[in-house]
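Here is the structure we will look at, set down as structure tokens.
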Amino acid sequence: MAEVIARPKKRHTDMTKGPIAKTLFFFTLPMFLGNLFQQLYNMVDSIVVGNFVGPSALGAVGCTFPIVFVAIAVASGLGMGCSVVTSQYLGAKDYGSVRMSVTTSLIFNLAVSIALSILGMAASGTVLKWMRTSPETIDMATEYLFIYFLGLTFMFMYNTIAGTFRALGDSKTPLYYLILSSFLNIGLDLLFVVQFGMGVAGVAWATMIAQGICAVFSFIHLMKRLGQFEKRADHRVFSTEMLRTIVRLAIPSMLQQLSVSISSVLCQTVINGFGPMLVSGYTAANKIESIAGMPIMNLGMAVSTFVAQNIGAGKMERVKKGFKSALMMVLIFAAASCVLLLLFGPNLVGIFVNREVEGAAEVIRWGTYHLVHMAFILFIQGLMFTGEGMLKGAGDMNLLVFCTLTGMVLRTICVFALAPKVGFAAIWFSIGLGSLTEVIIAFWRYSQGGWKEKAIVSDSGEESPEEAGAEA
């Protein structure tokens, strides 16, 4: 590997030094705020269609989420391959490899997004029918998905760029672009749905346009940031050698994310069988639950960057201390979210529907029921996100895939086995059991110590035997 020691002109967050808890908290905070704004405009989509189009429209948007989540899973998984590699090279201060890993990943993800966009536009209607989507919502859901997949490249681009900024130790820049996208999306929602009467298609177009503008501006910003890194002597914009390293980590991560999304699709088929009002209540509850779970999820992402940088710098003891600090923080976050859901659940669900229309009371009842039970499962999910964040940062992707697949298979089996006997309760019970299984596996791996052997680079910035081609 070509030796490159020049530092970037702009300072990035160095997570290999300084107070651990403080570093994790202030790195997590911008990610939380960014995701809060992202969830805000996702919630506005649902609130607008639920109040100005009707409960069936709310259900139509909700039943598309598992399919949308498949696309997000692919984007997140591929982006993770770049993030781990980039963070470890940054920790090892190999800035030329940082630059080449980012540009290679961007080009690869662009190609994948175009292929997935074409597939999604062609297959969405068939998948919705297979998921037993109700006749009242399937036309609206199909139209929504077609527009969503039409703009899929923008979502891929932004997710990859945001992950790259975080890998560089910068969690603030993605926040600024998400704030821009959020306000733009909200304004377009109101314009297209309320003013122009475009219905569900209006929120889809609003999301696509907002993400497109956000993606373009963030791409320009990233290119300027990369210009501050010195090039390797053998620099190429696209490196097949670097791609192999990225893909070796990205494919297992993508499979891990896909297992979650496929399980969601299968579970949604069970939920759809309970009727459109329950689906609408579940949709509203999911939006609220996503916000409540964001602090613990974002802390897991911060752990991933923290672990990757410190492994790249060869600071294994600091990795262990950071993991323990994160566990304490995640339990505090989960407790705070749990209390809020228990106190304000019915009021929060009620925001999503016009209480005067027929079926609104049933929507609120089912949404509140789901929130109350999920409030307690947040503690288990907090431990899960932290443990899996550690595995991602270490590059221990094969074990991560095994961990997630085991939990998701168990969750799916439980849903189908228990739904005929206990009804809607099968959903939250299976989520809790699957998450607990993943916690046990991730924590076993941490205590066993095998994650230490998966580093992409050593503390000197040289290639590890694994990168050179050794068996993982």
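The values are calculated or read from the model by the stated rules, or taken from the named source; none is laboratory data. Predicted model, so just to flag it, every value in this text is computed and none were measured. Note that each Cβ is placed from the backbone with ideal geometry, even for glycine, and that neighbours are counted across all protein chains shown. Surface areas here come from the heavy atoms of the whole protein model, side chains and all, with no ligands, DNA or RNA. Shrake-Rupley method; radii C 1.70, N 1.55, O 1.52, S 1.80 Å.
General observations
- Residue-by-residue Karplus 3J(HN,Hα) for segment 317-334, coefficients 6.51, -1.76, 1.60, Hz, glycine and proline x: 5, 5, 4, 5, 5, x, 4, 5, 5, 5, 4, 5, 5, 5, 5, 5, 4, 5
- Taking other residues whose beta carbon is less than 14 angstrom from the beta carbon of Ala201, and scoring Lys, Arg as +1 and Asp, Glu as -1, yields -4.
- Separation of segment 187-231 from segment 79-140 is 17 Å, based on Cα centroids.
- When nucleic acids and ligands are ignored and a 1.4 Å probe is applied, Trp366 ends up with an accessible area of around 60 Å².
- Peptides ranked, highest mean first, by Cβ atoms within 10 Å: ranges 373-384, 441-452: 373-384, 441-452
- A simple rule links phi to the HN-Hα coupling: the Karplus curve 6.51 cos²θ - 1.76 cosθ + 1.60 with θ = phi - 60°, which for segment 147-162 gives 5, 4, 5, 4, x, 4, 4, 5, 5, 4, 4, 5, 4, 5, 5, 4 Hz, with x for Gly and Pro.
- Interchain or long-range residues, amide H under 5 Å from Lys93's placed H: none
- Cross-link reach list, lysines versus Lys17, counting only Cα pairs under 18 Å and skipping chain neighbours closer than eight places: Lys93, Lys315, Lys320, Lys321, Lys324
- Protection proxy ranking for 120-127, 248-255, using the average of other Cβ atoms within 10 Å per residue and placing the highest first: 248-255, 120-127.
- Estimated 222 nm signal from helices in the chain, with DSSP H stretches of n ≥ 4 weighted -39500 (n - 2.57), rounded to 500: -28000 deg cm²/dmol
- Probe 1.4 Å, accessible area per residue of the chain, Å²: 39 Å²
- Computed from backbone phi, the HN-Hα couplings of segment 100-109 come to 5, 5, 5, 5, 5, 5, 4, 5, 4, 5 Hz, rounded to whole numbers (Karplus: 6.51 cos²θ - 1.76 cosθ + 1.60, θ = phi - 60°; Gly and Pro given as x).
- Its relative contact order, with pairs defined as Cα atoms under 8 Å and 6+ residues apart, puts segment 137-225 at 45 percent.
- Cα long-axis angle, helix 360-394 against the chain (0 to 90 degrees, to the nearest 10): 10 degrees
- Of the accessible area of segment 136-249, computed with a 1.4 Å probe over protein heavy atoms only, carbon and sulfur atoms account for 67 percent.
- With bins 20 Å wide beginning at 0, the percent of Cα pairs of the chain falling in each bin runs 25, 58, 17, 0.
- Cβ-placed point charges (K, R +1; D, E -1), dipole of the chain about Cα centre in debye, nearest 20: 1040 debye
- Cα-based helix-to-principal-axis angle, 200-226 vs the chain, degrees rounded to 10: 10 degrees
- Cα-based helix-to-principal-axis angle, 397-422 vs the chain, degrees rounded to 10: 10 degrees
- Burial order of peptide ranges 284-293, 405-414, 297-306 (average beta-carbon count within 10 Å, highest first): 297-306, 284-293, 405-414
- All other residues whose Cβ lies under 15 angstrom from that of Ile440 are scored, Lys and Arg at +1 and Asp and Glu at -1, for a net of 0.
- Summed side-chain charge close to Lys287 - residues other than Lys287 whose Cβ falls under 15 Å, Lys, Arg +1, Asp, Glu -1: -3
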